[in-house]
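The block underneath contains the structure these notes are about, expressed in structure tokens.
The values are calculated or read from the model by the stated rules, or taken from the named source; none is laboratory data. Keep in mind that what you see is a predicted model, and the values were worked out from it rather than measured. All Cβ positions, glycine included, derive from the backbone under ideal geometry; neighbour counts span all protein chains shown. These area figures cover heavy atoms from the full protein model, side chains too; ligands, DNA and RNA do not enter into them. Shrake-Rupley method; radii C 1.70, N 1.55, O 1.52, S 1.80 Å.
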Amino acid sequence: MKFALKCSPGQKIEKRSEKVAIIGAGPAGLGAAGYLICRGFQVDVYDKLPEPGGLMIFGIPDYRVPKKNVRNGIKELIELGVNFILRTKVVADEEVHADGDDFTENKVHLENLINNYNAVLIATGTWKSRNLGVPGENLKGVYLALDYLYRIYTSELGYLPKSVIYSTGNKVAVIGAGLTAVDAAIEAQRQGAREVYVLYRRTINEAPAGKMEIQGLLKRGIKFVELVGITEVLGKDYVEAVKLIKMRLGKPDKSGRPAPEPVPGSEYVMEMDNVIAAVGEIPTPPFKDGCCGIKITPHNTIDIDQKHRTTRKGVFAAGDVATGPSLIGKALKNGIDAATAVEEYIIKGGWREV
Ligand SMILES: Cc1cc2nc3c(=O)[nH]c(=O)nc-3n(C[C@H](O)[C@H](O)[C@H](O)COP(=O)(O)OP(=O)(O)OC[C@H]3O[C@@H](n4cnc5c(N)ncnc54)[C@H](O)[C@@H]3O)c2cc1C
């Protein structure tokens, strides 16, 4: 995978004295690093994980995004002079806790970066799973998809012991129908579950993962149950069952897709050993709203203008922490776009009206 898209082979890069700090080594941060290093800037990339790559290494299976390709692209960035500062979490006065914090050995205050670099680009992604928001979701055996997957991949990569992987019983319900749900269902099966049900409140036609991915699940013997919503997780201490309600499709909602509406009196119960919530991820800026002069939107994304400028001079944001959950290609492009804005700012100055 190529991140240094602006360097042509054999091109001599004229080094500049200005330094840029990038927070987050996912596709957005790597795309930005690739652009800026090719333009001669000094680039330091901070990441809390032990290896660059973000979700491409720690959240997505190899069969979908081969880690070898990602690692080749990162190797090229290192050869070009990008400096990766790993196991280092960027924090503000009030720390934000998210998945992937396990490896933090050092903490750097955001203000230090702002003071010591010509520009800072925040590309910290979406490292928190959305909760189901139903009674019983705190029972043992209910897992959040990103946490469930991250533990498996991190352990398979040899960074954490096998013991961190959550135990998977015989019957598993995965809630949601995005790529995360698809991966969680496949992994649950790989972990030994005999029956895996993907439960979705709309139909296969609206599934965010796309029809092909869902059909792929069916071929593996994973069941896809459409038009069903979860209303409760049942059990004493550990999950024993899920309470479901049938849905029908109504008028389009804000997303443009038909809104799922519960069918009154259609509740039923299915026995389950585990529930995996894959109902979306939440953006994780490295600070809380109200901090540092950088505004956060109601969706928890960082408020940026069309030039990726936040409400704090010299601080930019890109990738899923700015756009909300998206895809690798989009995040990479977004990071490159932000890097062009960083270059313009360093050379010409100026800032948005706040
Ligand atoms: C389970 C799952 C499966 C997916 N599958 C696919 C797929 O198959 N195809 C596809 O195109 N997209 C997929 N996506 C979406 C895709 O992974 C994201 O859109 C993309 O990775 C976003 O890139 P990013 O650079 O914004 O953030 P990320 O890739 O999330 O990278 C952010 C980086 O910031 C670091 N970080 C966070 N906070 C801090 C901090 N405070 N200090 C230092 N470092 C920090 C993290 O460690 C991470 O390395 C998937 C997403 C998930 C969750």
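Selection over segment 39-59 of residues that are without any contact (Cβ under 8 Å) to a residue 60 or more places away in the chain, touching a helix residue (DSSP H, G or I) at 6+ places or on another chain (Cβ under 8 Å) and open to solvent by less than 10 Å² (accessible area, probe 1.4 Å) gives a count of 4. Checked against the criterion of being over 18 Å from Val321 (Cα atoms), near the ligand (Cβ under 10 Å from one of its atoms) and not in a helix (DSSP H, G or I), the candidates Val90, Val108 yield just one match: Val108.
Looking only at segment 16-52, residues that are aliphatic (A, V, I, L, M) and assigned to a helix (DSSP H, G or I) come to 6 in all.
Within segment 144-162, residues that are touching a residue at least 24 places away in the same chain (Cβ under 8 Å) and within 13 Å of the ligand (Cβ to nearest atom) reach partners that are aromatic (Phe, Trp, Tyr) and in a helix (DSSP H, G or I) with beta carbons closer than 7 Å, at six or more positions or on different chains, in the pairs Tyr150/Phe58; Tyr153/Phe58; Thr154/Phe58. Being in the same structural domain as Leu144 (by TED's automatic domain parsing), without any contact (Cβ under 8 Å) to a residue 60 or more places away in the chain and open to solvent by 20 Å² or more (accessible area, probe 1.4 Å) is a condition met by no residue of segment 270-293. Just to verify a result, which residue in segment 306-332, among those that are open to solvent by 30 Å² or more (accessible area, probe 1.4 Å) and among the charged types (D, E, K, R), is nearest to the ligand (Cβ to nearest atom)? Residue satisfying both the conditions and the ranking: Lys330. On inspection, Gly216 passes the criterion of being outside any strand (DSSP E or B) and farther than 27 Å from Gly136 by Cα. Scan segment 111-143 for residues that are away from the ligand (no atom under 11 Å from the Cβ), in a helix (DSSP H, G or I) and either open to solvent by less than 30 Å² (accessible area, probe 1.4 Å) or among the β-branched types (Val, Ile, Thr) (or both) and jot them down. Result: Ile114, single match.
Confirm whether Ala209 is crowded, with 21+ Cβ neighbours inside 10 Å and part of a helix (DSSP H, G or I). Taking the combined requirement at face value, the residue does not satisfy it.
Answer yes if at least one residue in segment 254-277 is among the charged types (D, E, K, R) and within 16 Å of the ligand (Cβ to nearest atom), and no otherwise. Among the residues of segment 254-277, not one is among the charged types (D, E, K, R) and within 16 Å of the ligand (Cβ to nearest atom), which makes the answer no.
Of all residue pairs spaced 6 or more apart or on separate chains, those with beta-carbon atoms under 8 Å, a first member in segment 86-104 that is closer than 16 Å to Ile282 by Cα and a second member that is near the ligand (Cβ under 9 Å from one of its atoms) and hydrophobic (A, V, I, L, M, F, W, C) are Val96/Phe287; Ala98/Trp127; Asp99/Trp127; Asp99/Leu146; Gly100/Leu49; Gly100/Phe58; Gly100/Trp127. Among the residues of segment 231-271, the ones that are under 17 Å from Ile204 (Cα atoms), of a type in the set (Gly, Ala, Ser) and part of a strand (DSSP E or B) come to 2 in all. Taking the criterion of being open to solvent by 50 Å² or more (accessible area, probe 1.4 Å), in contact (Cβ under 8 Å) with a residue 24 or more places away in the chain and part of a loop (DSSP other than H, G, I, E, B), the only residue of segment 63-85 that qualifies is Arg64.
Every test in (1) under 26 Å from the mean Cα position of the chain (by Cα); (2) more than 23 Å from Leu327 (Cβ to Cβ); (3) not β-branched (Val, Ile, Thr) is passed by Leu244 save one, and that test is (1). Being within 13 Å of the ligand (Cβ to nearest atom) and either open to solvent by 10 Å² or more (accessible area, probe 1.4 Å) or assigned to a strand (DSSP E or B) (or both) is true of Thr180. For segment 217-232, the criterion of being within 23 Å of the chain's Cα centre (by Cα), within 30 Å of Ala331 (Cα to Cα) and outside the structural domain of Ile296 (by TED's automatic domain parsing) is met by at least one residue.
Are any residues in segment 294-305 more than 24 Å from Leu144 (Cα to Cα), within 14 Å of the ligand (Cβ to nearest atom) and open to solvent by 30 Å² or more (accessible area, probe 1.4 Å), and if so, which ones? Residue satisfying the conditions is Ile304 alone.
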